[in-house]
1. Using 0.36 nm per residue, how much length does the chain from Arg73 to Ser45 gain when fully extended, once their Cα-Cα distance is taken away?
2. Classify the range 1-104: rounded, prolate or oblate, from the alpha-carbon gyration tensor (a ≥ b ≥ c, eigenvalue square roots; a/c under 1.5 rounded; otherwise prolate if a/b is larger than b/c)?
3. Give me, ordered by chain and number, the residues 5 or more places off Tyr138 or on other chains with an amide H under 5 Å from its own placed amide H.
4. Give me Phe146, Phe31, Phe11, Phe54 sorted ascending by neighbouring Cβ count inside 10 Å, so fewest comes first.
5. In what sequence do Tyr51, Tyr97, Tyr75 fall when counting other Cβ within 10 Å, fewest first?
Amino acid sequence: MPVVGHRAPDFDTPEGPLRSLWRRGPVVLFFYRGAWCPLCTLQMSDLRLHYREFEKLGARIVAVSTDPPGVARAYKAMMRLPFTVVSDPGREAIEAYGATEGTNIIDRIDRAIHPAVGIRDYAQTATFVVDTRGAIRYARVGADPFDRPAATQLLNVLRGLGQAEKRARSSSAAGRPRRPGPAKRARGGSPRSSRR
């Protein structure tokens, strides 16, 4: 699993590669169990409710599950989600981010029951914040399906990230040598040679 400070693994989204999104602003990436999960639906509703605040901070939200593409599209439409929803039935992104099977009692029960109704190999809940350089700045893989950050917590992470980036820019600007200004002209017009 990638940790804070590591490069975020790239993968394709309906809007293009993930790297093309983080180059435009920070990305809040979260893995959810699927459209069938009521806790995931609550989390989606929370993110939708605060979406404009994420936008104001220049952040994009990307939600990933193993739901087939048709189910992911229908869920996005039904929930009126204004952010990117990714279908990852092959589990490439899920495995790259370590959002694989949970070992807690709830997940063990779910994995015993759900194959009977065709649900298997779903993601463990996990949330990451990726900065504009592609570095992970926040990482949390849920200990159980209830363990997930609220939208307000993620907004605070993004605000802290924005302040850190401003400080880094101002300190690098302060350390840069000043460029020399234009040559001063002699009084009375253009510079002249002192020779006569």
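Here, each number is a calculation from the coordinates, and none is a lab measurement. It should be emphasised that the depicted structure is a prediction, and the values quoted were computed from it without experimental measurement. Methodologically, a virtual Cβ is constructed for each residue, glycine included, from the backbone with ideal geometry; neighbour enumeration extends over all protein chains shown.
1. Stretched fully, the Arg73-Ser45 segment lengthens by 8.5 nm.
2. rounded
3. Correct list: Val129.
4. Lowest count first: Phe146, Phe11, Phe54, Phe31.
5. Least crowded to most crowded, the residues run Tyr51, Tyr75, Tyr97.
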